[in-house]
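The values are calculated or read from the model by the stated rules, or taken from the named source; none is laboratory data. Keep in mind it's a predicted model, so treat the numbers as computed, not measured. All Cβ positions, even for glycine, are placed from backbone atoms using ideal geometry, and neighbour counts span all protein chains on display.
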């Protein structure tokens with residue numbers, strides 16, 4: 001794994017994400033981006049490549065919600081309104097909890113084309129912020145269990161570290177309990 005953010009090909013971060021970092025006053029994060037020699041499209045692959053706990057990976061997942069008063073006035077793609085959920089890498093999103101949190105009638109996983117159109121990034125590389133469009137963001141409280149989390153930097157080959165509270169704040173996230181429980 002290369003730890004430098006810049007090589008002969010330029011910044012390791014996706015250009016749109018690097019620009020978003022600059023616009024948010026987070027240019028120093030660009031220098032912390034790590035590039036993997038092979039894609040790490042899943043949380044376990046990323047955790048193994050970084051050498052961190054699986055729960056220290058911050059997954060950025062797009063869902064589609066229908067009939068939510070919290071999303072009123074928003075028109076989504078294919079009828080649903082895109083919603084971003086930030087989840088620790090060791091957990092799964094509970095769609096019923098997301099539905100309840102949004103007061104929605106229905107919530108489903110967004111299709112790949114909706115993810116790309118909403119965020120500007122492909123699945124496996126979606127960062128927690130710096131998206132093409134603004135979406136509602138729910139951040140699972142489990143992210144706060146760590147001093148540092150790792151999130152995608154716009155490609156399946158890149159990640160960056162950040163303190164969870166800072167990451168959630170920059171994403172405009174609302175803390176919620178939306179992970180599946182093993183009861």
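Inspect all residues belonging to the range 86-93 and state whether any of them is more than 20 Å from residue 169 (Cα to Cα), out of contact with any strand residue (DSSP E or B) (no Cβ under 6 Å at 6 or more places or on another chain), modelled with pLDDT of 95 or more and in a loop (DSSP other than H, G, I, E, B). Within the range 86-93, one or more residues are more than 20 Å from residue 169 (Cα to Cα), out of contact with any strand residue (DSSP E or B) (no Cβ under 6 Å at 6 or more places or on another chain), modelled with pLDDT of 95 or more and in a loop (DSSP other than H, G, I, E, B).
I'd like the full set of residues that are surrounded by 18 or more Cβ atoms within 10 Å (Cβ to Cβ) and in a loop (DSSP other than H, G, I, E, B), limited to the range 99-122. The answer is 104, 110, 120, 121.
Just so you know, in the range 46-64 the residues that are surrounded by 15 or more Cβ atoms within 10 Å (Cβ to Cβ) and more than 17 Å from residue 86 (Cβ to Cβ) include one that is modelled with the lowest pLDDT, and it is 49.
Counted as qualifying within the range 124-181 are the strands (runs of 3 or more DSSP E) with 1 or more residues that are at pLDDT 95 or above and surrounded by 21 or more Cβ atoms within 10 Å (Cβ to Cβ), namely 136-140, 149-152, 158-162.
Select from the range 28-40 the residues that are under 26 Å from residue 175 (Cα atoms) and in contact with a strand residue (DSSP E or B) (Cβ under 9 Å, 6 or more places away or on another chain) and write down the one among them that is surrounded by the fewest Cβ atoms within 10 Å (Cβ to Cβ).
Only one residue tops the list, namely 32.
All of (1) touching a helix residue (DSSP H, G or I) at 6+ places or on another chain (Cβ under 7 Å); (2) surrounded by fewer than 20 Cβ atoms within 10 Å (Cβ to Cβ); (3) closer than 22 Å to residue 161 by Cβ; (4) without any contact (Cβ under 8 Å) to a residue 60 or more places away in the chain hold for residue 43 with one exception: (2). Report whether or not residue 67 is more than 19 Å from residue 55 (Cα to Cα), touching a helix residue (DSSP H, G or I) at 6+ places or on another chain (Cβ under 8 Å), surrounded by fewer than 17 Cβ atoms within 10 Å (Cβ to Cβ) and free of Cβ contacts under 8 Å to residues at least 40 places away in the same chain. Spelling it out, it is not the case that residue 67 is more than 19 Å from residue 55 (Cα to Cα), touching a helix residue (DSSP H, G or I) at 6+ places or on another chain (Cβ under 8 Å), surrounded by fewer than 17 Cβ atoms within 10 Å (Cβ to Cβ) and free of Cβ contacts under 8 Å to residues at least 40 places away in the same chain. Between 92, 132, the distinction of being farther than 20 Å from residue 25 by Cα and within 14 Å of the chain's Cα centre (by Cα) belongs to 92 only.
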